[in-house]
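In what follows, a structure is listed as structure tokens, so that the remarks can point back to it.
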Amino acid sequence: MLTFFSTAKPFLGHIGTIQRNAIRSWRHLHADVEVILLGDDKGTAEVCEELGLVHVKEVEKNRFGTNYVSSIFDRAQEMARHDLLCYTNCDILLLDDFRNAIELVSEAKPQFLVAGRRWDLDLKYPLDFHLPGWQVEVRRLAREANRRRPAQFMDYFAFKKGLYYHKIPELLIGRAGWDNWMIWAARYAGVPIVDVSASVCAVHQNHDYSHHPQGEKGIYEGEEARWNYRLTEGHRKFGTLESAAYLLESGELRKNRKRWLADVKRGWREVSRPLWFSFLDFSRPLRHKIGLRQRVRT
């Protein structure tokens with residue numbers, strides 16, 4: 001039916017709990033779901049054995065030990081039992097509405113990239129998947145928390161095996177920008193992007209960023225994040241769900257009539273950014289003369 005693949009953080013403490021929650025939620029979507037977990041972080045091998053997952057220990061890493069996106073996607077496409085694949089961050093709970101959305105899109109389109117926004121939720125405990133109402137409760141808690149991320153945040157990508165993603169540059173997973181490149185690359189290749197945000201309640205279980213020496217700031221602004229941004233060529237190769245060709249709403253695929261707005265905003269950013277920096281360079285002597293200086297953060 002469907003092969004999920006992901007890479008995990010060490011299975012310790014709270015992050016270990018929510019990663020087990022996420023993986024179990026994927027397994028509950030269908031009896032024939034396959035899960036491939038890539039990487040050798042602490043506890044990964046043990047969890048794969050415990051939950052009956054496919055474990056791929058060897059993944060290409062950079063000098064900091066961070067996994068390359070290309071290594072994860074390439075190995076998953078090589079090994080997957082199913083033709084339908086989904087990369088999902090290992091802290092994302094997926095419910096039955098995800099399965100319904102994937103089935104609908106895959107029947108309607110021979111090739112596609114499915115992605116969507118997420119709902120953030122503080123969840124501290126292991127979920128009991130034997131309770132018949134666990135999905136209803138998770139959905140209720142997410143809606144009540146009402147913390148939905150904007151269109152530039154993507155935590156899952158579903159596609160048919162053989163998608164062009166064997167040509168991914170040396171992007172680093174878990175660092176800013178890599179998911180935005182995936183959207184840009186799909187559109188550049190002519191693959192229809194389907195935004196299923198209106199139909200899928202994907203729940204991100206909040207966690208701290210202690211796995212990075214610089215915390216959250218390191219994830220979004222550190223050396224590895226800057227590396228990813230360079231590979232997106234200063235945001236030129238940077239897409240969001242605003243660029244989706246289709247929206248899945250009320251069980252129907254509809255063309256995204258507002259897609260052109262994303263193109264306009266992107267074009268304006270590309271034009272205005274160099275003009276703004278040119279203006280700053282040109283006006284710097286005058287600004288310094290009248291005492292207007294750029295404030296430096298300390």
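Annotations for the structure displayed:
- Scanning the stretch 1-41 for residues that are out of contact with any Leu (no Cβ under 7 Å at 6 or more places or on another chain), of a type in the set (Phe, Trp, Tyr) and part of a helix (DSSP H, G or I) gives no hits.
- For Asp41: the one exception among (1) among the acidic types (Asp, Glu); (2) at pLDDT 95 or above; (3) over 19 Å from Ala80 (Cα atoms): (2)
- Which listed residue, of Leu121, Leu84, Leu113, is in the same structural domain as Thr7 (by TED's automatic domain parsing), surrounded by 16 or more Cβ atoms within 10 Å (Cβ to Cβ) and touching a Ser or Thr at 6+ places or on another chain (Cβ under 9 Å): Leu84
- Selection from the stretch 26-78 of residues that are free of Cβ contacts under 8 Å to residues at least 60 places away in the same chain, farther than 29 Å from Ala225 by Cα and surrounded by fewer than 16 Cβ atoms within 10 Å (Cβ to Cβ): Ala31, Asp32, Glu46, Glu49, Glu50, Leu51, Gly52
- Cβ-Cβ under 7 Å pairs, at least 6 apart or on other chains, the stretch 236-259 side touching a residue at least 60 places away in the same chain (Cβ under 8 Å), far side of a type in the set (Ser, Thr, Tyr): Phe238/Thr232; Leu241/Ser197; Leu248/Ser199; Leu253/Tyr246; Asn256/Tyr246
The values are calculated or read from the model by the stated rules, or taken from the named source; none is laboratory data. Small disclaimer: the values here were computed from a predicted structure and weren't measured. Note: ideal-geometry Cβ built from the backbone for every residue, glycine included; neighbour counts use all protein chains shown.
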